[in-house]
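Everything on this sheet refers to the single structure shown next.
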Amino acid sequence: MAWLMARLILATAEGTQAIELRPINSLGRHPNNSIQLLDKIVSKEHCILEQRGESFVLRDLGSLNGTYINGDRVRGEAMLKHGDEIALGSTRARFDDGTGPPIDFSAPPAGMSHQPHPPPGQPALGAKGPSVPPPPGSHLGNPPPLPSGPMPSGPTPMPRPPQAPPYPGYGPQGTVPHGPPQQPHRPPSFGGTRVDVLDSARAIGTQIAAQAKGFLPFEQVQHDPQQLRMDYERLRFTWELTRDIGLERDLDQLLHKILLSLFKFVNADRGVILLRDAEGALQPRAAHRRDGTEAPIQVSSTILAHIMKERASVLTHDASMDFAASKGKSMILNRISSAIVVPLMHEKEVLGALWLDSESLAQFQQKDLELVTAVGNQAAMFIENNLLARKIEQEIVTRERFSRLLSPNVAEQVISGKLEIKKGGVHVPECTVFNSDIRGFTRMSEGATAGVILELLNEYFELMVETIFKYEGTLDKFMGDGIMAFWGAPMSKPDDAVRSVQCALDQMEVLGRFNRKRVELGHPPLAVGMGIHTGPLVAGYVGSSKAMGYTVIGDTANTSARLCGIALAGQVIVSEFALARLGPRFEVEELPPAHLKGKEKPLRIFNVKREKPSAVAAAV
């Protein structure tokens, strides 16, 4: 049977491809065709090659630009003969019925006895230019001449996917030329026509998902100048990218520079970089148009969902067709024809996506995909480093804030996540609250300037807070010349009350040294009274969403403040509840019961004089 040997010989940018014909073959731009042609002048469903008996018939499907056999337009259907030339848009092919002599491509098609009528946008045989202007927006140019010389006889293997050409036309500055590259040894561009023989229905992404090739060992490519040139251009681009943006610390500027660098090498019309937000949704962070306009760039959620799910790059020559099964209407509405979309992955984490598209069909090639994927991998590293640097900066700020609030060891636990401080209040069964106040400070400050008073307070507070942190206390606030701190939140220890009193006594010693220096300079000494109380309270963040502070609230805090208010200069007054937690460690004297505001009964109070020598010796 002749049809078993029938073939269709197509001329492409990569040379010729021989496709064995089936009993029924559909040709067109839609991916569901058995032979898909990436030719923007070809219709979605252009024509049918159907075997009838031992012959083949070509049936045009009402294509807009028509189907031509030997230069004559097919009206309905026509029988094919060995050697016939078929023209569909910018695509050229010869029919080989498998029984005739080898096809001589230098000879005109058999039976051509008159000057044929060329298809729209194609020159007549022997003409030097197109007889009919190409369709508006067409960038395909003229088709290549069919190769000369006979085709080899015998079975022809299934066509391979087109090999990526080298990086043609990239000048020393990395710019994309406006015209086609000059390659005398190769046929001119064929307009991106691709032949794809389908054995099963297409699933989304089957023909478009692709992975960029890595660098092969030199021994495997040393005799392949095209591959060597491609590898060189990839290395040159990534080096320039590293040089231009490697030190950029502003994330938005970094993303913008990545897009600008890509537009030097890839002939895209639009570009967007999207990053995942805190909820995991993709959000656009940088966008660029080649024409310089500021109009919003719409991207396809269908393609983005595909690359995020598959974690693979996508190259689509005709997005509306490749994703037709998914009803990707946005690609049609937003005129997305060709697109390269790659996930930005750092190790196994997808940080976002890099999107490049064009309104032209078949705008990108495999080399573009490989370059953009390589850049995407490098960009992901830059983005991760940038995010990490920002995280470190934020942690430094957080650490600084906590270091002013908590003792260093407690702050370290909070920052490392070992200790959680929750928003809102948390009931603390037992907490020891400390308050101190300078006696006679108002009278002392009456004759001094504001600058002198602030300098005095800052110097005094520095010494007092350092002592609080020494005993792992939490600083609550400054109240004029007063200090409030507590032990037992956000973390508690069995000896919280003991450490609070030790801190108070130590502060008195530090104050004594501070006063001696003041007296030497002719300044009056400071006198301080302190109050300490132990009991339950609520601890947590209090304030607005923009300014919050960690504090404690409750009667225990109020009682501590009132004990401080009745303490004389040099006294450390503790309540009976605090004393119960101190044991025999300190020398104390009981004072007359205190009648405090809000208390029905007088409160037993004690003045802590010093730590017992026996306790000091035991500690040593």
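Rounded to 0.05, the FRET efficiency of the residue 221 and residue 384 pair, given R0 = 35 Å and the Cβ-Cβ distance, is 0.70.
For segment 463-594, the share of accessible area belonging to carbon and sulfur comes to 58 percent (1.4 Å probe, ligands and nucleic acids excluded). Remark: spin-label model distance residue 309-residue 283 equals 2.5 nm, labels positioned 7 Å along the Cα→Cβ axis.
Cross-link check: pairs 257/309; 367/391; 40/264; 44/264; 40/257 evaluated at a Cα-Cα cut-off of 29 Å; pairs beyond the cut-off: 367/391; 44/264; 40/257.
The modelled label-to-label distance for the pair residue 61/residue 264, using points 7 Å beyond Cα in the direction of Cβ, is 4.5 nm. Find which of 265, 295, 251 sits farthest along the positive direction of the dipole of segment 223-312, computed with +1 on the beta-carbon of Lys and Arg, -1 on that of Asp and Glu, about the Cα centre. In segment 223-312, that residue is 265. Note on residue 600 and residue 74: the extension gain reaches 178.4 nm, defined as 0.36 nm multiplied by sequence separation minus the Cα-Cα distance. Spacing of the modelled spin labels on residue 426 and residue 253, each 7 Å from Cα toward Cβ, amounts to 4.0 nm.
Residues whose amide H lies under 5 Å from that of residue 83, counting only those 5 or more places away or on a different chain, are 95, 96, 97; hydrogens are built 1.01 Å from N in the peptide plane.
In the context of the full set of protein chains, segment 468-538 has a per residue accessible area of 40 Å² (1.4 Å probe). Largest to smallest in accessible area, the residues 474, 302 fall in the order 302, 474 (1.4 Å probe, all protein chains included). Measuring r between the beta carbons of residue 517 and residue 587 and using R0 = 25 Å, the FRET efficiency lands at 0.35.
Determine the shape class of segment 462-620: with a ≥ b ≥ c the square roots of the Cα gyration tensor eigenvalues, call it rounded for a/c under 1.5, and otherwise prolate if a/b is greater than b/c, oblate otherwise. Walk me through the intermediate numbers first.
Numbers: a/c = 1.35, a/b = 1.12, b/c = 1.20.
Since a/c stays below 1.5, the shape of segment 462-620 is classed as rounded.
The values are calculated or read from the model by the stated rules, or taken from the named source; none is laboratory data. Predicted, not measured: the structure shown is a model, and the values here were computed from it. Don't worry about glycine lacking a Cβ; one is built from the backbone with ideal geometry, like all the others, and counts go over all protein chains shown. Protein only, heavy atoms only, side chains kept; ligands, DNA and RNA dropped before computing areas. Shrake-Rupley method; radii C 1.70, N 1.55, O 1.52, S 1.80 Å.
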